[in-house]
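Asker: Sharing a structure with you now.
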There are 2 protein chains.
Amino acid sequence: MAATTGPEIERLIQLLAKLPGLGPRSARRVALTLVKKREALLTPLANALTEVAEAVKVCSTCGNIDTADPCSICTDPRRDASLIVVVEDVSDLWALERAAAISARYHVLGGTLSALDGIGPDALNIPQLIERAHSAEVTEIILAVNATVEGQTTAHYLMEQLSGLGVTVTRLASGVPVGGELDYLDEGTLSAAMRQRRPF
Amino acid sequence: MAATTGPEIERLIQLLAKLPGLGPRSARRVALTLVKKREALLTPLANALTEVAEAVKVCSTCGNIDTADPCSICTDPRRDASLIVVVEDVSDLWALERAAAISARYHVLGGTLSALDGIGPDALNIPQLIERAHSAEVTEIILAVNATVEGQTTAHYLMEQLSGLGVTVTRLASGVPVGGELDYLDEGTLSAAMRQRRPF
C-alpha cells in the first residue's frame with residue numbers, strides 16, 4: 001500500500017483499525033469516507049478529537065469522565081446526594097443515565113476485582129468509595145455492577161467492606177429483561193426471576 | 001446525556017456515529033476507548049486526521065486520493081504507462097493494489113452512470129478518461145468496474161466511447177471466485193463460468 005497512497009493516510013488507517021469494532025477493512029472504509037467528506041466530517045472530527053484531548057478530565061470524586069472536575073454529575077444540585085450508584089465502567093454510567101434509571105451520584109470502579117489478573121481493591125476506585133461511604137450525607141449505596149462472576153465477586157467484597165458503616169447497600173434486581181422471551185433466557189436468569197417473584 | 005458528560009465528548013460521539021459501520025452505540029464505545037487511551041490513541045488520531053485533512057489531494061490525472069498531485073501511482077516510473085485500469089472508486093483501486101493484480105496506471109470514475117440519480121458522463125471522470133485514451137502512450141484500457149448492473153452499464157457506455165481510438169478495451173474475467181464453492185454461487189456466475197471455460 002505504501003506506493004498507493006500517502007503515508008499520512010496509511011497511518012490514519014492503522015490508528016482507526018485499533019478502535020473497538022473496526023478491523024483493517026472497515027478502517028480503510030472509514031478513512032476513505034473521511035477523505036471524501038473532508039469539510040463535512042474529516043475536519044470537524046479532527047477538531048472534536050483535539051478538543052476532547054485537551055478538555056477531558058477524570059472526576060477525582062467519582063471517576064466519571066467529563067470536561068470538569070468534579071464532574072457535572074457530582075456538582076448537579078438536583079441529584080440526590082444521599083444515593084451512590086456503584087458501576088464498573090463509565091459506559092455503565094452512561095447506560096443508566098440514558099435509561100434515566102435514577103437521579104443519584106455515581107462511583108466508577110474502573111473494573112472488577114480479579115485475582116487472576118492481579119487486580120486488587122487498590123487498583124480500583126474502592127478506597128475512594130469507602131471514604132465517600134463514611135460521609136453522613138450518604139444513606140444508600142446501590143451496587144450496579146454487571147451480573148457476571150467478576151462483577152458479583154466485586155459486589156460481595158464491597159458489601160463486606162461497607163457493612164457496619166451505617167449505609168444501606170442494595171443491588172439491582174435480577175430477572176426477565178423487559179421484552180425478553182422466556183424460551184431464549186438462560187436457566188440462571190429464569191430461576192432467579194422465579195425465586196424473586198413479586199405479587200401481581 | 002447533556003448533563004452526564006461534556007459537550008465536547010457529546011459532539012465527538014455524534015461525529016463518530018456518522019462514520020460508515022458505526023451507529024450511536026458503537027460510537028459511544030469508540031469515544032470511551034479514545035478518552036481512556038488519550039496518549040496512545042486519542043492524540044495520535046487527532047494529529048493523523050489533521051495531517052490528512054491538510055495533506056490529502058485528489059490526483060488531477062486519475063482521480064486517486066493521495067498526498068501528492070499527480071499521485072504517486074501516476075508518477076511511478078516502474079508502472080506500465082500503456083495500461084489504464086478504470087475503477088469506480090478509490091476503494092477498488094486499493095483492493096486491486098492489495099491483490100498486486102497489475103502494475104499499471106489507474107483511472108477512478110468516482111461512481112457509475114445512473115439515469116435515475118441523474119448521474120451522466122460529465123458527473124464522472126469520463127471526459128478525462130477519453131482524453132487520456134487519446135494519448136499515443138496508452139494501448140489498453142481495462143474496465144475493472146463492479147459486476148453490478150450499474151457497473152456493467154457504465155462499462156458498455158465506456159466501450160462505445162473508447163471504440164475507434166486505437167486502444168484495446170478489455171474487462172475483468174467473470175467466473176468462480178478462488179476458494180468458492182459451486183453450491184453457494186448464483187446462477188449468473190455459474191453460467192458465465194461455464195460459457196467462458198478454458199482449456200485445462
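The values are calculated or read from the model by the stated rules, or taken from the named source; none is laboratory data. Everything numeric in this text was worked out from a predicted model, so none of it was measured. Don't worry about glycine lacking a Cβ; one is built from the backbone with ideal geometry, like all the others, and counts go over all protein chains shown. Keep in mind that these areas ignore ligands, DNA and RNA; they rest on the heavy atoms of the full protein, side chains included. Shrake-Rupley method; radii C 1.70, N 1.55, O 1.52, S 1.80 Å.
Asker: I want to confirm something. Restricting to region B:138-151 and keeping residues that are crowded, with 17+ Cβ neighbours inside 10 Å and over 16 Å from the mean Cα position of the chain (by Cα), which single residue is farthest from residue B:77 (Cα to Cα)?
Answerer: B:141
Asker: Sticking with this structure for a sec: Of the numbered conditions (1) within 19 Å of residue A:58 (Cα to Cα); (2) open to solvent by 40 Å² or more (accessible area, probe 1.4 Å); (3) not acidic (Asp, Glu), residue A:115 satisfies every one except a single condition; which is it?
Answerer: (1)
Asker: Also: Is it the case that some residue within region A:88-110 is open to solvent by 40 Å² or more (accessible area, probe 1.4 Å) and more than 18 Å from the chain's Cα centre (by Cα)?
Answerer: So far as region A:88-110 goes, no, none of its residues is open to solvent by 40 Å² or more (accessible area, probe 1.4 Å) and more than 18 Å from the chain's Cα centre (by Cα).
Asker: Right, another one. Which one is modelled with the lowest pLDDT among residues in region B:88-117 that are under 16 Å from residue B:66 (Cα atoms) and β-branched (Val, Ile, Thr)?
Answerer: Here the residue is B:90.
Asker: If you go through region A:157-189, how many residues are assigned to a helix (DSSP H, G or I) and either closer than 26 Å to residue A:100 by Cβ or of a type outside the set (D, E, K, R) (or both)?
Answerer: First, pick out the residues of region A:157-189 that are assigned to a helix (DSSP H, G or I): A:157-162, A:182-184, A:187-189.
Cutting the leftovers down to either closer than 26 Å to residue A:100 by Cβ or of a type outside the set (D, E, K, R) (or both) gives us A:157-159, A:161-162, A:182, A:184, A:188-189.
Residues in region A:157-189 being assigned to a helix (DSSP H, G or I) and either closer than 26 Å to residue A:100 by Cβ or of a type outside the set (D, E, K, R) (or both): 9 in total.
Asker: For region A:190-200: of the residues being out of contact with any Leu (no Cβ under 9 Å at 6 or more places or on another chain) and not in a loop (DSSP other than H, G, I, E, B), which is surrounded by the most Cβ atoms within 10 Å (Cβ to Cβ)? Give the derivation first.
Answerer: The first filter runs over region A:190-200 and keeps only residues out of contact with any Leu (no Cβ under 9 Å at 6 or more places or on another chain), leaving A:191-192, A:194-200.
Next, only the ones that are not in a loop (DSSP other than H, G, I, E, B) stay: A:191-192, A:194-195.
Numbers: A:191: 10, A:192: 16, A:194: 10, A:195: 9.
Ranking the qualifying residues of region A:190-200, first place goes to A:192.
Asker: Next question. Please go through region B:120-148 and give me each residue that is among the hydrophobic types (A, V, I, L, M, F, W, C), outside any loop (DSSP other than H, G, I, E, B) and at pLDDT 90 or above, ordered by number.
Answerer: Step one: list which residues in region B:120-148 are among the hydrophobic types (A, V, I, L, M, F, W, C), which gives B:123-124, B:126, B:129-130, B:133, B:136, B:138, B:141-145, B:147.
Narrowing further to those that are outside any loop (DSSP other than H, G, I, E, B): B:123, B:126, B:129-130, B:133, B:141-143.
Of everything in region B:120-148, those that are among the hydrophobic types (A, V, I, L, M, F, W, C), outside any loop (DSSP other than H, G, I, E, B) and at pLDDT 90 or above turn out to be B:126, B:129, B:130, B:133, B:141, B:142, B:143.
Asker: Restricting to region B:54-82, count the residues that are buried (at least 20 other Cβ atoms within 10 Å of the Cβ) and either within 9 Å of chain A (Cβ to nearest Cβ) or not in a loop (DSSP other than H, G, I, E, B) (or both).
Answerer: 6
Asker: Could you look through region A:72-100, keep only residues that are of a type in the set (A, V, I, L, M) and without any contact (Cβ under 8 Å) to a residue 12 or more places away in the chain, and pick out the one that is farthest from residue A:150 (Cα to Cα)?
Answerer: We begin by selecting, within region A:72-100, every residue of a type in the set (A, V, I, L, M); these are A:73, A:81, A:83-87, A:90, A:93, A:95-96, A:99-100.
When the remaining residues are screened for being without any contact (Cβ under 8 Å) to a residue 12 or more places away in the chain, the result is A:95, A:99-100.
Working: A:95: 19, A:99: 24, A:100: 25 Å.
If we take residues in region A:72-100 being of a type in the set (A, V, I, L, M) and without any contact (Cβ under 8 Å) to a residue 12 or more places away in the chain, then A:100 is farthest from residue A:150 (Cα to Cα).
Asker: Taking residue A:18 and the conditions (1) surrounded by 21 or more Cβ atoms within 10 Å (Cβ to Cβ); (2) under 21 Å from the mean Cα position of the chain (by Cα); (3) more than 13 Å from residue A:106 (Cα to Cα); (4) not small (Gly, Ala, Ser), which numbered condition does it fall short on, given that it satisfies the others?
Answerer: (1)
Asker: Quick check: is even one residue across region A:129-137 loosely packed, with under 13 Cβ neighbours inside 10 Å, under 28 Å from residue A:60 (Cβ atoms) and touching a residue at least 40 places away in the same chain (Cβ under 8 Å)?
Answerer: yes
Asker: Restricting to region B:23-39, and then to whatever is facing another protein chain (nearest Cβ under 7 Å) and within 27 Å of the chain's Cα centre (by Cα), can you tell me which residue is most open to solvent (accessible area, probe 1.4 Å)?
Answerer: Per the criteria, the residue is B:26.
Asker: Within region B:40-47, does at least one residue satisfy the condition of being at the interface with chain A (Cβ under 7 Å from one of its Cβ atoms), surrounded by fewer than 17 Cβ atoms within 10 Å (Cβ to Cβ), outside any strand (DSSP E or B) and touching a Ser or Thr at 6+ places or on another chain (Cβ under 8 Å)?
Answerer: Looking for residues that are at the interface with chain A (Cβ under 7 Å from one of its Cβ atoms), surrounded by fewer than 17 Cβ atoms within 10 Å (Cβ to Cβ), outside any strand (DSSP E or B) and touching a Ser or Thr at 6+ places or on another chain (Cβ under 8 Å), one finds none in region B:40-47, hence no.
Asker: Just to be sure before I move on: is residue B:154 surrounded by 14 or more Cβ atoms within 10 Å (Cβ to Cβ), assigned to a helix (DSSP H, G or I) and modelled with pLDDT of 90 or more in the structure I sent? Walk me through how you get there before you give the answer.
Answerer: Numbers: surrounded by 14 or more Cβ atoms within 10 Å (Cβ to Cβ): yes; assigned to a helix (DSSP H, G or I): yes; modelled with pLDDT of 90 or more: yes.
Yes, satisfied.
Asker: Only one of these is more than 30 Å from residue B:104 (Cα to Cα) and in the same structural domain as residue A:156 (by TED's automatic domain parsing): A:46, A:100. Name it.
Answerer: Numbers: A:46 fails: in the same structural domain as residue A:156 (by TED's automatic domain parsing).
Unique residue meeting the criteria: A:100.
Asker: Restricting to region A:170-189, name every residue that is open to solvent by less than 100 Å² (accessible area, probe 1.4 Å) and touching a strand residue (DSSP E or B) at 6+ places or on another chain (Cβ under 9 Å).
Answerer: A:170, A:172
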